[in-house]
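The structure appears right after this line, and notes come after that.
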Number of protein chains: 2
Amino acid sequence: MTAGVSTMAWDVRDWSQAHLARVEQALSDWVGRDAPADLGDAMRYAVLDGGKRLRPLLVLAAQEAVQGLPAAGLRAACSVELIHAYSLVHDDMPCMDNDVLRRGKPTVHVQYGEAGALLAGDALQALAFELLTPDDGSVPDAMQAVLCRLLARAAGSEGMAGGQAIDLASVGKALDEASLRRMHRLKTGALLQGSVLMGAACGPCPPHALQALRRYGAAMGLAFQVVDDILDVVADSATLGKTAGKDAAQDKPTYVSLLGLEPSRAYAAELLQEALAALADSGLPDTQALAALANMVVNRSN
Amino acid sequence: MTAGVSTMAWDVRDWSQAHLARVEQALSDWVGRDAPADLGDAMRYAVLDGGKRLRPLLVLAAQEAVQGLPAAGLRAACSVELIHAYSLVHDDMPCMDNDVLRRGKPTVHVQYGEAGALLAGDALQALAFELLTPDDGSVPDAMQAVLCRLLARAAGSEGMAGGQAIDLASVGKALDEASLRRMHRLKTGALLQGSVLMGAACGPCPPHALQALRRYGAAMGLAFQVVDDILDVVADSATLGKTAGKDAAQDKPTYVSLLGLEPSRAYAAELLQEALAALADSGLPDTQALAALANMVVNRSN
């Protein structure tokens, strides 16, 4: 059985639109409202009105797949987006990628200064964990603990931050495919897979299904990066909303530089099939949103 | 009754030494072991072999005061130290204080580059939350959630990061005492008070005692900053292990610049009495370590 076949009336655009509205509203409610001085503005600038919100949608899709608690799903969705947003703010700084354009806008350090960007990123990371630990009874304590654990691991030195460290150390070096895959598994894969696992932690999920979702998350996360590398070569800055061609300009190893363009496309398609097969194998009834998101990841144009 | 009077045989140096050994060992075991590339080294450089470990000791003292779970206390102690360490790493960077000396050693960005320091700080913050959420059954899930909540609030935009934003915005400006107090309540006070509250969250703590510990934490945290301002004026760099006189050089508002030196000393002494009175009022039997730490905060020379 192919995931999603049983629900022909279901439409991914409707689904995304409804959930994106919830996420945007929640982020606007929760980010930077009471922060002092410029900090709140910088945090909101970094997070609101921008981004595809892929990670929040993955959380919500997985939360629905396990029929999890909506309040927990929404908090988890926003928390992964905050981690993603903070990583972009810090990544764009002069000492890292020194990028001045992000989502078609000046980057945070251009707008608020380097110190302001540094602090805004730091505060966004803390806020991610604050969102996961409400004291209003809306999310059970045990679930809060699991969500914090998953997020901390996905964001930290054996996840996203670790991948960025490998990336930093690898500029100008020839990486083999195994090293490149490890870098991306950490740098972007950990948070993408973490989004799926956090969604799954919002409800009951049998071990076999959790294992399948882990495989789905790994394949989809890797596909995301392969497609990112492809788009960096074939798309222009206007479509991307960020500087195109910067990997080559910075002499960074990519799937395209390693495998070539067409083999990279074939690899992305193969990873998509792997992700969909894992969903079919999960035994979970409602995986159509996860399937649609994997398709979107591979077939996106920005 | 004055806190600590009933236990004449108890010695703060023995107590500190024993607990510092546990903290140092745990930090060495837990920080940066499996981080890739230079990241693990930079994280360990930022955290190990340095610092008075005041925050961990506050956590452990409060954990003992409520007869809390030692495993939870140790994790909480290390987690607050990681937040403190990451804040120093980022604070020392060129775009912030641009400091090259910390605890008598070159700062992290001098040693590992700015990008390396940025990432190490980010990874340390994530690790703090990872330490609080073990999956080995050593800390109950509900306790993990409370600890994460307290740490996130103390570190974030309405805590430490918020205070740093006010600090940044206040350079060269005349602040009145209320504004100065608010800045410090967030910048250093939130994490110091948070340390006490996290220790108290490691065991059962009646509401009245919790309220007293909150008052203790607020007074002690403010005293810490007043004394910091005094030391910045009266101590030399060698004693401080960091650049002395930099507040005046950077035209930062301080208690000394606002109140004068002697009134600042008197204010610190008054805050110490306030902290000790709160302990006496707590009704908790074993507050001698908390009392000794408050004394140490006010009477330290670095």
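Structure data summary
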| read-out | value |
| --- | --- |
| For B:Ala174, net neighbour charge (Lys/Arg +1, Asp/Glu -1) across residues whose Cβ lies under 12 Å away | -1 |
| Most positive-pole-ward Cα, B:Leu180, B:Leu124, B:Val227, against dipole of region B:124-228 from beta carbon charges | B:Leu180 |
| Relative contact order computed over chain A (Cα-Cα under 8 Å; 6+ residues apart), in percent | 23 |
| Candidates A:Leu258, A:Leu284, A:Leu272, ranked by Gaussian network fluctuation over chain A, Cα under 10 Å, top entry | A:Leu258 |
| Whether region B:12-299 is rounded, prolate or oblate, judged on the alpha carbon gyration tensor where a/c under 1.5 counts as rounded | oblate |
| Net charge contributed by nearby residues that have their C-beta within less than 12 Å of A:Ala289 (K/R +1, D/E -1) | -3 |
| Charge tally in the Cβ shell below 9 Å around B:Val256, where Lys, Arg are +1 and Asp, Glu are -1, B:Val256 excluded | -3 |
| Helical contribution to [θ] at 222 nm, DSSP H n ≥ 4, -39,500 (n - 2.57), averaged over the protein assembly as shown, rounded to 500 | -22000 deg cm²/dmol |
| Inter-centroid distance (Cα atoms) of region B:114-151 relative to region B:49-94, Å | 12 |
| Computed lengthening from A:Trp10 to A:Asn299, 0.36 nm per intervening residue step minus Cα-Cα distance | 102.1 nm |
| Most fluctuating residue given options A:Asp11, A:Asp122, A:Asp99, as computed from a GNM of chain A linking Cα atoms under 10 Å | A:Asp11 |
| Proximal lysines relative to B:Lys187, as straight alpha-carbon distance under 30 Å, when same-chain residues fewer than 8 apart are discounted | B:Lys52, B:Lys105, B:Lys173, B:Lys242, B:Lys246, B:Lys252 |
| Simple spin-label estimate for B:Ser28 and A:Glu177 in nanometres, 7 Å along Cα-Cβ | 4.3 |
| Inter-label distance for B:Val110 and B:Ala269, nm, one decimal - labels placed 7 Å from Cα along Cα-to-Cβ | 3.7 |
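Where a number appears in this text, it was derived from the coordinates with a stated rule and is not lab data. It should be emphasised that the depicted structure is a prediction, and the values quoted were computed from it without experimental measurement. With ideal geometry, Cβ positions are generated from the backbone for all residues, glycine too; neighbour counts draw on all protein chains shown.
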